[in-house]
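Notes to accompany the following structure.
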Amino acid sequence: MAEKTYVEDIDRSMYDFRFEEKDAWRIDAGLSPEIVEQISEEKNDPDWMRDFRLKSLEIYNSIPMKDWGPSIEGLDMEHIATYVRPNAKMADNWDAVPDDIKETFERLGIPEAERKSLAGVGAQYDSELVYHNVQDFAVKQGVVYTDIESALHGEYGEMIRDHFMKLVPPSDHKFAALHGAVWSGGSFVYVPDGVKLDIPLQSYFRLNAKGAGQFEHTLIILGKGSSLHFIEGCSAPKYNVANLHAGCVELFVGANASLRYSTIENWSKNMYNLNTKRALVEEGGRIEWVSGSFGSHVSYLYPMSVLHGRGARSEFTGVTFAGAGQNLDTGCKVVHAAPDTSSYVNTRSISKGGGISTFRSAVVVQEKAKNSRSSVSCESLMLDSESRSDTIPAMDIRTRQADIGHEAKIGRISDDAVFYLMSRGLPEDEARALIVSGFADNVGKELPLEYAVEMNNLIRLEMKGTVG
Amino acid sequence: MGEELLKIRELDVRAEENQILHGVSLTIGRGETHVLMGPNGAGKSTLGNVLMGNPQYRVTGGSIEFAGRDLLSQNVDERAKAGLFLSFQNPVEVPGVSLSNFIRSALEMRSGERIRMWEFRKKIHESLEVLNMDSSYADRDLNVGFSGGEKKKAEILQLLMLKPVFAILDETDSGLDVDAVRTVSRGVEEYQKDKKGTLLIITHSTRILEALHVDAVHVLVEGRIVENGDAGLISEINENGFERFLTQKAAEEG
Ligand SMILES: Nc1ncnc2c1ncn2[C@@H]1O[C@H](COP(=O)(O)OP(=O)(O)O)[C@@H](O)[C@H]1O
Ligand SMILES: [Mg+2]
């Protein structure tokens, strides 16, 4: 049995520590074709990629800023450095990683998790991966897990070209275009047909530089009948200037393949998190999103599943915790584009200390998607009267032969429950934290133990000082 | 009476605008078992809740001393740490928190020390066995989807695991079938004998008391203690109900 509720005392320094910036090279702030070309040169792009970046920049300049959702006025692109190269070369052995960077990841528990329970790890520091390693047994089965840059020049170059930003084209929205222009870092994963990896791969993203952006690209391709669990973690120390994260995740799930994509996001509270994630699922395939959003100042995050083949399935299990000063706009989208497809959405949003948490779901069932099923359930918990939690469901159903359900609940922590837990010896803040952890257990129970513990740590951190 | 463990003096309690308890006084010695009886709505649960510190109730007069210290100035969790325990008449459901994790957190909060998993597992299984509970209960969400009887057993499980100095059992036997009452009673007996516990048992029936030694019985009617006696009072009430006390009180008022 997983022992989830016990968490050791932690202090915020676990995430907030930061080392002096010793980046090897930082590009001038702002955006221009010159800057994009410089990044392209720095990264030794193939020609097609350089052209792709420049085209994306044009698109970026032609798309107006969005006019819905939380304000991103505090984000001034003129002051964001889009590329910061850390003072390190990518290593496949932690000893070869410079001490301060290595210590950062050690404090975050990455090397330890790798030893214990991961099939491969990638660690990104600012704009580049500084560590990447895959266990032999996975390599032997033909699993590819590498940084995108080197993959672009290797035997998978064509495969990447065929998939890169095909699911999330730069024209999708302004920050997708920005991503196309200045992306850097991230991972490429390929699992061959029939290969089932039982233990997860993990990528960790750390943004250490001040006033910078992180634009990593994650591209995962699963062959027929294969399976994978990919875990993504991210954090940053807090600065008093805006940082930007505009990553992009593209997941191609082959026929009868199964992918679980788990994220524990804990960006610092000066971060604008405008991330785009999308999965294309073929016949009989399955995508499971497990998502915990705790950090950032403003988030826009709506992982999308396109159920492209008959019988494809999507499950989304998420929790969002918006504390003081946070406006987290999260949710998920599902497009049923084939018959017999099913989607299941189960989310919890928590708001506290004036935080705003908005959950948007969009379910589209196309006319050809006969006999599809969708069930959406969102619960929110407001921890005080100044906080807000909204649920905005949207449905576009084009066939009568579909079974669609939606359920939303809003609640508060009951005084009776707090009294009950306290009567057994829990102080009030612990009692509340336990109730909130329990509320978020839809995600907690889907995560591997260490991550569930980390999530409960984050909840406890957020809950400290609720009392009084 | 041995050492006084709990001393309630002239307690007045209000909830919202109503006065519920009127000058209740009660003293319980360490290691004793007292029974509190009274008709529905008399204020029995209120007394249990006030002892535990439920913020829904306001104490407007009187005092409570527990183990030589003023109880009313302590928070709920401090009272728990001082050794007070309430088996709730209606235990609350807490989704996503398993019974065993909760008990473990509670033990750790009380002792301030981390408890080894295998030691804990062993203990909880022993207690589950005493209560005829399947070990799968430990992994279920706290009280969620439990039947009335299961909830009460889960309360006694916590009693056995937390080993408080003093336990208030609020109608722990109500709504249980004969076998379940016997099982729960066995758990209470273990607490009374092996753990040398002190008890205040709120009940309407004698079944839970059969195997227990009872030191004193108190009758609460409309927020007042109207009679104190020994175990003999229980059978009298079972035969005649509370009629006599109601009349007595009506007479006083008249
Ligand atoms: N939280 C409360 N707010 C208002 N009235 C209450 C509250 N709790 C109990 N009461 C009232 O106090 C009286 C005693 O209730 P209770 O202590 O539950 O009685 P008993 O347990 O003896 O049946 C009842 O009239 C009940 O309605
Ligand atoms: Mg009662």
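Where does chain B land at 222 nm, in deg cm²/dmol rounded to the nearest 500, when only DSSP H runs of n ≥ 4 count, each adding -39500 (n - 2.57), divided by all residues? Kindly include the intermediate steps, with their values, before the conclusion.
Values: 8 runs with 93 residues, N = 254.
Computed ellipticity for chain B at 222 nm equals -11500 deg cm²/dmol.
What helices in chain A pass both tests, a Cα length along the helix axis of 18 Å or more and a mean Kyte hydropathy of -1.0 or higher, using whole DSSP H runs? Each step should come with its number before you reach the end.
On the way: long enough: A:47-62 (23 Å, -0.87); A:449-463 (21 Å, 0.16).
Passing helices, by number: A:47-62, A:449-463.
Distance from the Cα centre of segment A:341-411 to that of segment A:204-256, in angstrom?
That distance is 24 Å.
Per residue, how much accessible area does segment A:10-301 have with a 1.4 Å probe, in Å²?
Details: 10690 Å² over 292 residues.
Accessible area per residue: 37 Å².
When the chain is fully extended, how far beyond the present Cα-Cα distance does A:GLU407 get from A:ASP16, taking 0.36 nm per residue of separation?
137.0 nm
How much FRET efficiency would the formula 1/(1 + (r/R0)^6) give for A:ARG400 and B:SER147, where r is the Cβ-Cβ distance and R0 is 45 Å, rounded to 0.05?
Numbers: r = 41 Å, r/R0 = 0.92.
According to the calculation, E is roughly 0.65.
Any chance you could check the Cα centroid distance between segment B:153-208 and segment B:66-102 for me, in angstrom?
If we compute the Cα centre of each part, the gap is 16 Å.
Under 15 Å Cα to Cα from A:LYS55, which aspartates and glutamates show up? Leave out anything in the same chain fewer than 8 places away.
Reachable aspartates and glutamates: A:GLU34, A:GLU37, A:ASP45, A:ASP47, A:ASP172.
With the dipole of chain A worked out from charges on the C-beta (+1 for Lys and Arg, -1 for Asp and Glu) around the Cα centre, which of A:ALA242, A:TYR156, A:VAL363 lies farthest toward the positive end?
So the residue we want is A:VAL363.
Could you please report the charge total around B:GLY229, scoring K, R as +1 and D, E as -1 over all other residues with beta-carbon less than 13 angstrom from its beta-carbon? Show your work: numbers first, answer last.
On the way: positive: B:ARG244; negative: B:ASP215, B:GLU227, B:ASP230, B:GLU236.
Overall, the nearby charge balance is -3.
To the nearest 20 debye, what is the magnitude of the charge dipole of the protein assembly as shown about its Cα centre, counting +1 on the Cβ of each Lys and Arg and -1 on the Cβ of each Asp and Glu? Walk me through the intermediate numbers first.
Numbers: 79 positive and 108 negative charges, 161 e Å.
Magnitude of the dipole: close to 780 debye.
If you line up the Cα atoms of the protein assembly as shown on their principal axes, what length do they span on each, largest first, in Å?
100, 58, 49
Name the aspartates and glutamates eligible as straight-distance cross-link partners of B:LYS81: C-alpha to C-alpha under 12 Å, and not fewer than 8 places from it in the same chain.
B:GLU108
Summing +1 for each Lys or Arg and -1 for each Asp or Glu, what net charge is found among the other residues whose Cβ lies under 15 Å from the Cβ of A:SER372?
Details: positive: A:ARG286, A:ARG310, A:ARG313, A:LYS333, A:LYS368, A:LYS370, A:ARG373, A:ARG398, A:ARG400; negative: A:GLU283, A:GLU315, A:ASP340, A:GLU367, A:ASP396, A:ASP403.
Local net charge: +3.
Once label points are set 7 Å from the Cα along Cα→Cβ at both A:ASP47 and A:VAL241, what is their separation, rounded to one decimal in nm?
Modelled inter-label distance: 3.8 nm.
For a label point 7 angstrom out from the Cα of A:GLU58 toward its Cβ, which stretches of segment A:159-173 have the backbone nitrogen within less than 19 Å?
Residues passing the 19 Å test: A:165-166, A:169-173.
Let me have the relative contact order for chain A, percent, based on Cα pairs under 8 Å that are six or more residues apart.
11 percent.
Quick one: 3J(HN,Hα) in Hz for segment B:145-151, Karplus 6.51/-1.76/1.60 with θ = phi - 60°, rounded, Gly and Pro as x.
x, 6, 6, x, x, 5, 4
Which of the lysines could a cross-linker bridge to B:LYS153, judged by Cα under 17 Å and excluding same-chain residues fewer than eight apart?
By straight Cα distance, B:LYS153 reaches B:LYS123, B:LYS163.
What figure in square angstrom, to the nearest 10, would you give for the accessible area of A:HIS132 with a 1.4 Å probe?
Surface open to solvent at A:HIS132 totals about 20 Å².
Give the Rg/Rh ratio for segment A:416-468, taking Rg as the radius of gyration of the Cα atoms and Rh as the Kirkwood radius, to two decimals. Write out the running numbers ahead of the final one.
On the way: Rg = 11.5 Å, Rh = 11.4 Å.
Rounded to two decimals, Rg/Rh equals 1.01.
Which sequence of A:MET395, B:MET161 reflects their accessible areas, 1.4 Å probe, from the largest down?
On the way: A:MET395 75, B:MET161 10 Å².
Listed by decreasing accessible area, they come as A:MET395, B:MET161.
Run the numbers for A:ASP92 and A:GLU112: contour at 0.36 nm per residue of separation, minus the present Cα-Cα distance, in nm. It would help to have the intermediate numbers written out before the result.
Working: separation 20, 0.36 × 20 = 7.20 nm, distance 1.49 nm.
Value of the extension gain: 5.7 nm.
Carbon-plus-sulfur fraction of the accessible area of segment A:416-468, 1.4 Å probe, in percent? Before the final figure, lay out the partial values.
On the way: 750 of 1440 Å².
For segment A:416-468, the apolar C and S fraction of the accessible surface comes to 52 percent.
Between helix B:178-193 and chain B, what is the angle of the helix's C-alpha long axis to the longest principal axis, kept within 0 to 90° and rounded to the nearest 10?
The angle comes out at about 90 degrees.
So if R0 is 56 Å, what FRET efficiency would B:SER25 and A:LYS196 give, r being the distance between their Cβ atoms, rounded to the nearest 0.05?
It comes to 0.20.
Just to verify a number: what accessible area does A:LYS210 come out at with the full protein assembly present, 1.4 Å probe, Å² rounded to tens?
Here the residue's solvent-accessible area equals roughly 90 Å².
Quick check on segment A:10-301: take the gyration tensor over C-alpha atoms, sort the square-rooted eigenvalues as a ≥ b ≥ c, and tell me if it's rounded (a/c under 1.5), prolate or oblate. Could you put the intermediate results ahead of the total?
Details: a/c = 1.43, a/b = 1.16, b/c = 1.23.
Taking the square roots of the gyration eigenvalues as a ≥ b ≥ c, segment A:10-301 is rounded.
With charges only on Cβ, +1 for K and R and -1 for D and E, what is the dipole size of segment A:416-468 about its Cα centre, in debye, rounded to 20? If you can, show how the numbers build up before the last one.
Values: 5 positive and 9 negative charges, 22 e Å.
I would put it at about 100 debye.
By the gyration tensor of its Cα atoms, with a ≥ b ≥ c the square roots of the eigenvalues, what is the shape of segment A:334-468: rounded for a/c under 1.5, prolate for a/b over b/c, or oblate? Can you show the working numbers first?
Values: a/c = 2.96, a/b = 2.26, b/c = 1.31.
Judged from the Cα gyration tensor, segment A:334-468 comes out prolate (a/c at least 1.5, a/b above b/c).
Among DSSP beta bridges lying fully in chain A, give the percent that are antiparallel, nearest 5.
Working: 12 of 141 bridges.
The answer is about 10 percent antiparallel.
Set Lys and Arg Cβ to +1 and Asp and Glu Cβ to -1, take the dipole of segment A:377-416 about its Cα centre, and tell me which of A:ALA408, A:SER380, A:PRO393 lies farthest positive.
A:PRO393
What full-extension length gain, to one decimal in nm, is calculated for B:ASN75 and B:LYS193 as 0.36 nm per residue of separation minus the Cα-Cα distance? Display every interim value, and only then the final one.
Values: separation 118, 0.36 × 118 = 42.48 nm, distance 2.89 nm.
Using 0.36 nm per residue and subtracting the Cα-Cα distance, I get 39.6 nm.
Before we go on, tell me the buried accessible area for the A/B pair, both chains summed, 1.4 Å probe, in Å² to the nearest 100.
Details: alone 18680 and 12030 Å², together 28170 Å².
Answer for the A-B pair: about 2500 Å² buried.
Mean separation of Cα pairs under 8 Å and 6+ residues apart, divided by the residue count of segment A:10-125: what relative contact order is that in percent?
Numbers: 75 pairs, mean separation 41.0, N = 116.
Once normalised by length, the contact order is 35 percent.
Of A:ASN457, A:LEU421, A:LEU447, whose Cα points farthest to the positive end of the dipole of segment A:416-468 (charges on the beta-carbon: +1 Lys, Arg; -1 Asp, Glu; origin at the Cα centre)?
Going by the Cα projections, it comes out as A:LEU421.
To the nearest 20 debye, what is the magnitude of the charge dipole of segment A:10-301 about its Cα centre, counting +1 on the Cβ of each Lys and Arg and -1 on the Cβ of each Asp and Glu?
Values: 29 positive and 44 negative charges, 148 e Å.
Dipole about the Cα centre, nearest 20: 720 debye.
Got a number for the accessible area of B:ARG224? Probe 1.4 Å, square angstrom, nearest 10.
Spelled out: B:ARG224, probe radius 1.4 Å, area about 90 Å².
Per-residue counts of other Cβ atoms within 10 Å, averaged by peptide: what ranking do you get for B:142-148, A:376-382, A:398-404, A:277-283, highest first? Numbers along the way, then the final one.
On the way: B:142-148: 16.4, A:376-382: 21.7, A:398-404: 13.3, A:277-283: 23.6.
Top of the packing list down: A:277-283, A:376-382, B:142-148, A:398-404.
With the cut-off at 1.5 for a/c, could you classify segment B:66-225 from its C-alpha gyration tensor as rounded, prolate or oblate?
Details: a/c = 1.58, a/b = 1.17, b/c = 1.35.
Here segment B:66-225 falls in the oblate category.
The values are calculated or read from the model by the stated rules, or taken from the named source; none is laboratory data. These numbers come from a predicted model, not from an experiment. Don't worry about glycine lacking a Cβ; one is built from the backbone with ideal geometry, like all the others, and counts go over all protein chains shown. Ligands, DNA and RNA are excluded from the accessible area calculation, which covers all protein heavy atoms including side chains. Shrake-Rupley method; radii C 1.70, N 1.55, O 1.52, S 1.80 Å.
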